[in-house]
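The values are calculated or read from the model by the stated rules, or taken from the named source; none is laboratory data. Every value quoted in this text rests on a predicted model; they were computed, and no experiment measured them. Using ideal geometry, Cβ is built from the backbone for each residue, glycine included, and neighbour counts are taken over all protein chains shown.
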Amino acid sequence: RTYHSTTHPPPPGPFTQAETTLLTTALTTHVPNHGFTLESLHLAARSLSLLDISPSFLGPAPLARLIHFHLYTARTSSLPSLASQHADLLQGLPIPEKVELLTWLRLKQNEPIIQHWQQALAVMAQPSHVPTAVKELAMLADEVYYLAGDKSVDPSWYTKRGALSGIYVAAELFMTTDKSEGFQETRRFLRRRLQEAEEVGGVVKSVGEWVGFTASAGVNVLRSKGVRI
Amino acid sequence: MASSRPLLRTARQLTTSQFRHISTTPSPPSPPPDLNTPPPPPKKKLKPLTPQQSSLLSSFLRVNQAGELAATLIYTAQTPPILAREPHLRPLMKHMYDQEADHLRVFNSLIATHRVRPTALYPLWSVLATGLGWSTAVMGKEAAMACTEAVETEIGGHYNAQIRKLLEMVTEWEREGYDVGEEFTELIKTLRRIRDEELEHLDHAVEHDAQKAEPHWLLTGVIRAGCRGAIWVSERV
């Protein structure tokens, strides 16, 4: 993660103004009905009174760009604005529960297009698009912890975000086949995985503490016996 | 007056020139300025950071945090063996440790505020720093002081390079007509203060017979090379 200035305006994102207009229209109006296909992009171009050929300015892989746009906007604009909307809810919760709520809010962003999401994941699993997808996932985990107010700057920074990335991927995949009301099963799945991760984290931390205390106690005992160490 | 050289105005000069303007220039039909409420601060024109600048700043903060972590662990490991032989050094060791702990706190909070990734080799640096501190302390007070001298020499040069780079960035912004916010003036001020305290530690180490360590050239050479390597790695990983 690179330096994020608290006062300077943010640098421009990876999408130009023209791309943003086209992709937003495609994502909100056409993808829920037609999926992540060129059809959605052409319909979006037409509805904006552009030529049908316009999506070609998205580059050689327009579908991957569309999916990347969804991941990018869900992470950078939808999630922070949802977090501020739910600020009163988030207020009194401890950090693990805030993380759960924020991850759930992000998962819900996939609701309108969930029936096409497996197809989208297949596109992003192609070797040329994997780096983008992995980077977005890592930045999402960081964003969730940042919005949850986590201020740790030791190795747990890595373990927390790594664990959350894995859990998020699993929950997203689960959600694509979940037919329950309001995706409750996905929410329960998410909660179970997060609790497991917390338990494992707790065990590792306890073992580490024990080893540390035993070692320093041993050294101090030897010093008290006169061993010059 | 400052308004004749707008491009070189800093934020502080901007505010004071505005105050001067309000109090000395007669303003005919406009209502008298309300002296109870301060004038609104001028809107600052801040330039967005380029990706290179962002990654440079993040590598600076990452390396500084790693360095201060190593410093606190070195002092923690050095203190018991040294004090066993020379108990009169307790106040000095405590003073240096307290300053390093304060530096670590500063960088921890900067890293959290600016969402910088901490170094991935944190556990490795912890082990190496503790080992270095303990081994030099066991070799004797002079060796421990030579270790401090070597580390602080490297660190002093390293902070100087960072401050220089930040000042370059800031003058570039001023030359382009942008304002420099408090974020960066405070950062430069903090780095200067920390660099001065590190150089003070260097002076203390030399005062306490760092030069008398046997073999001085080997100890300082190895430790300085190790520091440079650790700095290089932490900037990237």
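So the values come out like this:
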{"read-out": "Matching residues in region B:191-207 - criterion: being in contact with a His (Cβ under 7 Å, 6 or more places away or on another chain) and farther than 15 Å from B:Gly67 by Cβ", "value": "none"}
{"read-out": "All positions within region B:86-120 that are among the basic types (Lys, Arg) and more than 10 Å from every other protein chain (Cβ to nearest Cβ)", "value": "B:Arg90, B:Lys94, B:Arg105"}
{"read-out": "So B:Arg62, is it surrounded by 19 or more Cβ atoms within 10 Å (Cβ to Cβ) and either among the acidic types (Asp, Glu) or part of a helix (DSSP H, G or I) (or both)", "value": "yes"}
{"read-out": "Of the criteria (1) at positive phi; (2) over 25 Å from the mean Cα position of the chain (by Cα); (3) assigned to a helix (DSSP H, G or I), which one A:Gly218 fails", "value": "(1)"}
{"read-out": "Qualifying positions in region B:144-174 - among the acidic types (Asp, Glu) and buried (at least 18 other Cβ atoms within 10 Å of the Cβ)", "value": "B:Glu149, B:Glu152, B:Glu154"}
{"read-out": "Close pairs (8 angstrom Cβ cut-off, 6 or more residues apart or separate chains): surrounded by 10 or more Cβ atoms within 10 Å (Cβ to Cβ) in region A:207-229, assigned to a loop (DSSP other than H, G, I, E, B) anywhere", "value": "A:Val219/A:Ile229; A:Leu222/A:Ile229; A:Arg223/A:Ile229"}
{"read-out": "Yes/no for A:Gly13 being within 14 Å of chain B (Cβ to nearest Cβ) and among the small types (Gly, Ala, Ser)", "value": "yes"}
{"read-out": "Pairs where the first residue, in region B:170-187, is within 18 Å of B:Ser54 (Cα to Cα) and the second is among the small types (Gly, Ala, Ser), C-beta under 8 Å, 6+ apart", "value": "B:Asp179/B:Ala11; B:Val180/B:Ala11; B:Gly181/B:Ala11; B:Glu182/B:Ala11; B:Glu183/A:Ser5; B:Thr185/B:Ala11"}
{"read-out": "Test: residue in region A:150-167 that is loosely packed, with under 15 Cβ neighbours inside 10 Å and among the aliphatic types (A, V, I, L, M)", "value": "no"}
{"read-out": "Residue in region A:124-136 that is on the phi < 0 side of the Ramachandran plot, within 14 Å of another protein chain (Cβ to nearest Cβ) and without any contact (Cβ under 8 Å) to a residue 12 or more places away in the chain present", "value": "yes"}
{"read-out": "Among (1) outside the structural domain of A:Ser128 (by TED's automatic domain parsing); (2) surrounded by fewer than 20 Cβ atoms within 10 Å (Cβ to Cβ), the one test that A:Leu22 misses", "value": "(2)"}
{"read-out": "Sole residue being more than 21 Å from A:Ala141 (Cα to Cα), of a type in the set (A, V, I, L, M, F, W, C) and in contact with a Pro (Cβ under 8 Å, 6 or more places away or on another chain), chosen from A:Leu27, A:Leu41, A:Leu63, A:Leu58", "value": "A:Leu41"}
{"read-out": "Flag if B:Leu128 is within 27 Å of A:Ser156 (Cα to Cα), at pLDDT 90 or above and more than 10 Å from chain A (Cβ to nearest Cβ)", "value": "yes"}
{"read-out": "Selected residue (criterion: surrounded by the most Cβ atoms within 10 Å (Cβ to Cβ)) from residues of region B:194-229 that are farther than 14 Å from B:Thr148 by Cβ and in contact with a Phe, Trp or Tyr (Cβ under 7 Å, 6 or more places away or on another chain)", "value": "B:Ile194"}
{"read-out": "Unmet requirement for B:Ala137, which otherwise passes all of (1) within 14 Å of another protein chain (Cβ to nearest Cβ); (2) farther than 23 Å from B:Leu219 by Cβ; (3) not hydroxyl-bearing (Ser, Thr, Tyr)", "value": "(2)"}
{"read-out": "Any chance A:Ala18 is aliphatic (A, V, I, L, M), modelled with pLDDT under 90 and in a helix (DSSP H, G or I)", "value": "yes"}
